[in-house]
1. How large is ³J(HN,Hα), in whole Hz, for each residue of the stretch 65-76 in order, when computed from phi with the Karplus curve 6.51 cos²θ - 1.76 cosθ + 1.60 and θ = phi - 60°, using x for Gly and Pro?
2. Helix-derived [θ] at 222 nm for the chain: sum -39500 (n - 2.57) over DSSP H runs of at least 4, divide by residue count, nearest 500?
3. For the stretch 186-232, place one equal point scatterer on every Cα, skip the solvent, and apply the Debye formula. What is log10 of I(q)/I(0) at q = 0.29 Å⁻¹?
4. Build a GNM of the chain with springs between Cα atoms under 10 Å: which of ARG146, ARG173, ARG343 gets the top mean-square fluctuation?
5. What are the ³J(HN,Hα) couplings of the stretch 268-278, residue after residue, when phi is run through the Karplus curve with 6.51, -1.76, 1.60 and θ = phi - 60°? Round to Hz, x for glycine and proline.
6. Taking H placed 1.01 Å from N in the peptide plane, check which residues at least 5 places from PHE68 or on another chain put their amide H under 5 Å from its amide H.
7. Rule-of-thumb check for the stretch 191-347: C-alpha Rg over 2.2 N^0.38 Å?
8. Can you check what the net charge comes to around LYS211, using other residues whose Cβ is under 12 Å from the Cβ of LYS211 (Lys, Arg +1; Asp, Glu -1)?
Amino acid sequence: MSTQAGDYDVIVSGAGPAGLAAAALCAEGGLKTAIITGPLDPFEKRHDPRTIALMRPSMRLLRHLGLFTDDLRALSCPLKTLRLVDDTGGIFSAPEAVFDATDAGWEAFGWNIPLEDLHPAFANRAKELGVAFISASATGVMDGRRELARVRLDDGGTIAAPLVIAADGRRSRIRQTGGFTMLRHDYDQVALGCFFSHSAPHQSMSTEYHKDQGPFTTVPMPENRSSLVWMVRPGRAQEIMALSPDELARRIQLESHGDLGRISETTELKSFPMQALNAVEYAKERIILAGEAAHAVPPIGAQGLNMSLRDAALAAELAADAHAFGDDIGSDEIMARYDRVRRRDVFPRKAAIHLVNSALLSNFAPLQALRAGGIALAAAIPFVKDIVMRQGLAPGEENVPRIMRETADGEAA
């Protein structure tokens, strides 16, 4: 397919949650927006063993777009308590740390939402707001982006706009052909994910057990069900993947020390290789990188999609503001501001996640002591715990797009 240059104000490449959020918010802001969906139908519900723990700023985005309906709420679970358990068995062992949302004056830190239900909800809302869906894949951008960025499609056509938001994942073709440099770190780990049932109530508590091969995290779902994210070395991952459902249930019960009672009804395990990615620049020459096209981190502390949604909201905010004033929405000034704001938010979180994960995998005693000491401080000193809760889970307002900021009356999560 092919269209006239400038038919759109914004082109979004990639129809994952970050891309769909960016497209919906751009359209809501009065920008003529198209999204390049790739080969998969974003409106179709596909089985996915992952849930997404969306913290308070992200929940404000969902509510702003009208996505947190009664139906989606019924499939989700509030996160009222977060618990860290040092289960490494090492010399340096930290005390258990428990973070309660009520200590910060909140009803909940956020909500745990099934990705397979959230994804089509984003797609339907974007369509309602007038986003044009293009069933093709982007193969890259063309040189010469002084006034417009032109995107090549796999059907041989091109489309152009003053701004392109690349949200097309870790292997982003827009990023690769746009001249961005990506830094990559591969961890000797695999993340395993599934759902399971248990006989004891979870009390809306998520528990992250720090083990010698990575975190083992249970996240509450409605009723007596939870999701699991388990990071292990590849060799152990193969052993676990080969377990029968009953054997897997017993293993989960053992690894969680029976905290959730008897485990049953495990779903099929899915595996995901672990790596950290980070672009040297987040925006330049009419291209903004968002989501995993810009950065990717291991699933520790529920940071990944929450950071990606802040990418999407800021990109849409800057573009809509510039459009409202008749300015160039893809100007160098917009690119520099996006890069500066997102870097302030992403870099400290990425560094903290890398430190925690590396400490778990390392036999280097000082690094293990640093990890244990940090947890101990958060467990023992109230103002440190408050910093962890407020900055770790709800970043400072200067790094949060307007629609994701807390209202004056401090609305519930």
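1. Once rounded to whole Hz, the list reads 8, x, 8, 7, 6, 4, 5, 5, 4, 5, 8, 10.
2. -10500 deg cm²/dmol
3. -1.03
4. ARG146
5. 4, 6, 10, 10, 9, x, 9, 8, 10, 10, 7
6. ARG63
7. Normalised Cα radius of gyration, the stretch 191-347: 1.36.
8. Around LYS211, the charge tally is -3.
All of the numbers you see were taken from the coordinates with simple rules; none came from a lab. What you see is a predicted model, and the numbers here were worked out from it, not measured in a lab. Using ideal geometry, Cβ is built from the backbone for each residue, glycine included, and neighbour counts are taken over all protein chains shown.
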